[in-house]
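Asker: Once you've had a glance at the structure underneath, I'll fire off some questions.
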Amino acid sequence: MSTPRLAPHRGMELHVLLLGSIACLVALRGVASVRVHAADVRSLLVLASEWNNFQGSETWGLRYADCKALDGIACDRDGFVTDIFLQMKSFNAPIPDMISQFQHLTQLALPFCHLKGSIPDGLFNLTSLVALSLLGNSVTGTIPVGISRLVNLQILALHVNQLSGPIDPLCNLPQLRYLNLNQNAFNGSLPNDLGTLTNLFTLHVEENSFSGSIPSSLGNITLLVDLVLSYNQLTGTIPDSLSRLNSLTLLKLAKNQLTGPIPDSLGTVPSLSLLLLQYNLLSGTIPASLASLHKLKYLLLSVNHLSGSIPAGLGDLPLLHYMWLSFNQMSGSIPTAIAKLTNLHSLDLSGNHLHGIIPSTLQNLSKLQFLGLSFNQLQGPVEPVMRGMANITYLYLTSNQFSGRLPSPPSAGIKSYKVEGNFFSHGQVNFSNCSAVTWTTLDNCLSPYLGICGLVYPQRSAGGCAAFCGVEVGATSPVCGGHGSCFVNAFTGSAECACDPNYMLNSSNGNACVPGAARTSLASDSAYVSLRGSASVLSNGSILLTNGAANQQGAAFGSPAVRLFYFPDKRSRCGTELGFLAAFSFAMSPGGQGGGGEGLAFVVAATASEKGASVGLGGVGRRSVGVEFDSVLSVKHSDPNDNHVGVNVGGSPVSLASATAPLILNDAQTKHAWIHYDPTSGGTLRVFLSSDPVQPPTPTLTASVSLCSALKPTASDSLFLFGFVALSSTAPQKHAILSWDFTTGVPPVGQ
């Protein structure tokens, strides 16, 4: 399991506040009319030319211009330019050395402006500069020694670029308060002199290639609020000196190669709210002193070598939201004191050596959404404990020794429910709350079982379903041909049929389940799939679209096709559009030398094919909508970068809308995606992406797109295929679909 989306806090908000303050200054500094100084007018015209006369720069050429009329510019009372704030421009050029002509410049912010090339030495002549942000560009090269001339610099935001080399020159900036170098290619060791930057509030160097140990001198930066060193190659132990950081709120050291114990002294950091140490080689026991961190909200220690029992004192952390101790070597039983964590949203104890029963008091965890207990030696009944967990969304009990009655999903909002490899008794699981019914009958007490239920919403008319089907909701119905289950479509409120294996909806009336063609059965979430090209099914049920060789094309489509439109009036253009939710997890390996393969895409299409360029989208035909997860920058296709999400219509390689992915797509780690289609107001597609199996609150990408216009359905042609396509191109790359779920008839997001 990967790191959850973190709530913003004081240190994390500093750069946002910086950009906001610059924008406000740009808007307000010129409240009193000030004519731009003639020298700076000439410099602005030259700068606009260097940046290809970007949109908005036309205001810079106004003769005798009032400063407040210039896009992205603020001036002092003498008309000299003091602030340049331009974001999301298409410069497609480097920062010119002539930037040094703005001698009065104090703030320079150019986030997401398609800058390239290295940082010019002339920039370091701007000795009045207080804030510099080059976030989200393609700046290359190393940190020049000349940066030490910026003696007044307090804010330096260089994250999400392509900078490399050591960072020692930054240790000569004594006024720095905010330093963010995330997502670059910096390497070497973290300099010991970082400890001399005693004014720092925020130090972020995540997702680089730093090696060596964590400098103990960081304990001298006593004002530090955020310390983020994760996703590097750091070794050694966690220094005790970090306990001197009394203002520290966030300590994130995840995904390194740190060894040794978790220092007891970390329990003395009074303000610590987020402790993220997962994916390391830490050993020893969990310090009992962590029970003193009364402001702690996130405790993530998964995938280490921790042993011993779970400290009962962790139940005394009143604000704790996430506790992940999975895949360690923890032993003993689950402490009853965990039941006191009434604010807990996610508890993962999977992959340890825990035994005994689930404490009955855990049913008091009414806010719990994720419970992972798989791969332990837990035993006893489960159903009584589940009754109080009304908000459970993900329930994982796989491979224990649980017995008794097979538990039904404890909440109507269940998304993923896995209980295989236990000793539950015969019976049926009641999925009648689900908008798309999925249930399984156990043949014997040792049968493997896996149930997946899509996003669920309250049924509008259960009585209507009973009246239509003549039976209770979720039961086998004669109206469904005796080979399916009746359910109420949560979007339309009408009764429909979910067909049994080897049966499919009769396309002529949409009601009866009739025998369907033979389909491939998987051991995982998706029951049936049609494979094309290089795609194959692994023994664990995952689908491998490409297997790591170059020039491969693979596709997997659900079978049979699904109904996305109803035509009560055959003369209507599109009938009634249904919303849908696609929820799936995937992994993409890094590409071979020189690149990253292509990527993969989720598609809804009238025809199935793996052939075609641009992550395989070129072969799905003109009647299609795709969401690409692209790991290659294609200039001719107008890609924003080599790590983005895009919405493509009609098999076009050019995205209708795109956005930078919030995480690295091709790092071989599991990613979770949710694609909502809301047919109201002309159609909206929302794409959510996370390394955490809990859907984030904010979409990565929102696009206006109409399935009606894209798919062109008719009354006799309203069934469409859903699935995945991938392309490895000239660089070998593996693309795997680890789980998937497709639900139609879901209401708009937020309803």
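The values are calculated or read from the model by the stated rules, or taken from the named source; none is laboratory data. Note that the coordinates shown come from a computational prediction; the quantities given were computed from them, not determined experimentally. Cβ placement follows ideal geometry from the backbone for every residue including glycine, while neighbour counts extend to all protein chains displayed. When the accessible area is computed, the model is the full protein with side chains, heavy atoms only, and any ligands, DNA or RNA have been set aside. Shrake-Rupley method; radii C 1.70, N 1.55, O 1.52, S 1.80 Å.
Asker: Filtering the stretch 267-281 down to residues that are part of a strand (DSSP E or B) and in contact (Cβ under 8 Å) with a residue 60 or more places away in the chain, which residue is farthest from the chain's Cα centre (by Cα)?
Answerer: Filtering first and then ranking leaves L274.
Asker: Filter the strands (runs of 3 or more DSSP E) completely within the stretch 660-715 down to those with at least 1 residues that are surrounded by fewer than 16 Cβ atoms within 10 Å (Cβ to Cβ) and aromatic (F, W, Y).
Answerer: Counting at least 1 such residues, we get no strands (runs of 3 or more DSSP E) at all.
Asker: On the basis of being under 13 Å from I286 (Cα atoms), among the β-branched types (V, I, T) and open to solvent by less than 40 Å² (accessible area, probe 1.4 Å), does I310 make the cut? Talk me through it step by step, then tell me what you get.
Answerer: Values: under 13 Å from I286 (Cα atoms): yes; among the β-branched types (V, I, T): yes; open to solvent by less than 40 Å² (accessible area, probe 1.4 Å): yes.
Taking the combined requirement at face value, the residue satisfies it.
Asker: Tally the residues that are of a type in the set (V, I, T), open to solvent by 20 Å² or more (accessible area, probe 1.4 Å) and either over 13 Å from A109 (Cα atoms) or part of a helix (DSSP H, G or I) (or both), restricting the search to the stretch 121-174.
Answerer: 6
Asker: Among the listed residues A48, A74, which satisfies the condition of being surrounded by 14 or more Cβ atoms within 10 Å (Cβ to Cβ), of a type in the set (A, V, I, L, M), farther than 18 Å from S133 by Cβ and touching an Asp or Glu at 6+ places or on another chain (Cβ under 9 Å)?
Answerer: Within the list A48, A74, the selection yields A48.
Asker: Take the residues of the stretch 195-209 that are surrounded by 21 or more Cβ atoms within 10 Å (Cβ to Cβ) and not hydroxyl-bearing (S, T, Y): which is farthest from T142 (Cα to Cα)?
Answerer: L200
Asker: Which ones in the stretch 46-60 are more than 9 Å from D71 (Cβ to Cβ) and of a type in the set (G, A, S)?
Answerer: Selection gives A48, S49.
Asker: Looking for whichever is without any contact (Cβ under 8 Å) to a residue 40 or more places away in the chain, farther than 28 Å from T285 by Cβ and over 30 Å from the mean Cα position of the chain (by Cα) here; the options are D264, D193, D240. Which one fits?
Answerer: Criteria check complete, one pass: D193.
Asker: Filter the stretch 591-606 down to the residues that are surrounded by fewer than 23 Cβ atoms within 10 Å (Cβ to Cβ) and at pLDDT 75 or above, then identify the one that is nearest to V645 (Cα to Cα).
Answerer: Per the stated criteria, the residue is F602.
Asker: Filter the stretch 397-421 down to the residues that are at pLDDT 75 or above and either in a loop (DSSP other than H, G, I, E, B) or of a type in the set (S, T, Y) (or both) and list them by number.
Answerer: Hits for the stretch 397-421 are L397, T398, S399, N400, S403, V419.
Asker: Further question: Filter the stretch 210-247 for residues that are of a type in the set (D, E, K, R) and open to solvent by 10 Å² or more (accessible area, probe 1.4 Å); which is nearest to Y178 (Cα to Cα)?
Answerer: R244
For (1) open to solvent by 40 Å² or more (accessible area, probe 1.4 Å); (2) out of contact with any helix residue (DSSP H, G or I) (no Cβ under 6 Å at 6 or more places or on another chain); (3) hydroxyl-bearing (S, T, Y), each residue gets a yes or a no:
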position	(1), (2), (3)
Q329	yes, yes, no
G332	no, yes, no
I338	no, no, no
G372	no, yes, no
N376	no, yes, no
Q379	yes, yes, no
G388	no, no, no
N391	yes, yes, no
